[in-house]
Amino acid sequence: NTLVLRTDVSGDPSFRELLGRVRNWDLSAYAHQDLPFERLVEALNPTRSLAQYPFFRVWLAFQSESIPTVHLSGLQVTATTAELGVSRFDLSVSLWEQRDREGGEAGLEGLLEYSTDLFDRETAAGLVSRLVRLLRSVVSDPS
């Protein structure tokens, strides 16, 4: 189910402080995750536009389970994402954990989709580069 999450970044918080804010806000939002997003949109009845999704323009999806590999007699089947060539949002970032053969952590894999009306390929690649730099920095020094 889609949850609209917002974070207060005021006051120049450290990454740990910001992560705490996100955690607290998200946990309170998860208490209402059984409410379908479409029903929330219907109840709040925001001004609608075909040009944008109601309530948010950036989508972040994180899957903590890796994509399963299925073995069938003589076949190996792996699920994969389909590139539609169209982004439903201004920016869409999907991340999922990777596992090694023993089930241990093996990093993250990701996909960025973007509105070509707003971003060109070079700008999108720059956003990905900065996100990777941020994640590496946080891993090496969480404070």
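The values are calculated or read from the model by the stated rules, or taken from the named source; none is laboratory data. Quantities reported herein were computed from a predicted structural model and do not represent experimental measurements. No Cβ is skipped: glycine too gets one built from the backbone with ideal geometry, and neighbour counts run over all protein chains shown.
Rundown of residues vs (1) at pLDDT below 90; (2) of a type in the set (Val, Ile, Thr), yes/no style:
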site: Phe37; (1), (2): yes, no
site: Val58; (1), (2): yes, yes
site: Ala61; (1), (2): yes, no
site: Ile67; (1), (2): yes, yes
site: Thr78; (1), (2): yes, yes
site: Ala125; (1), (2): no, no
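Ser73 passes every criterion in (1) over 17 Å from the mean Cα position of the chain (by Cα); (2) modelled with pLDDT of 80 or more; (3) under 30 Å from Ser129 (Cβ atoms) apart from (3). The conditions of being small (Gly, Ala, Ser), modelled with pLDDT of 80 or more and surrounded by fewer than 10 Cβ atoms within 10 Å (Cβ to Cβ) are met by Ser10.
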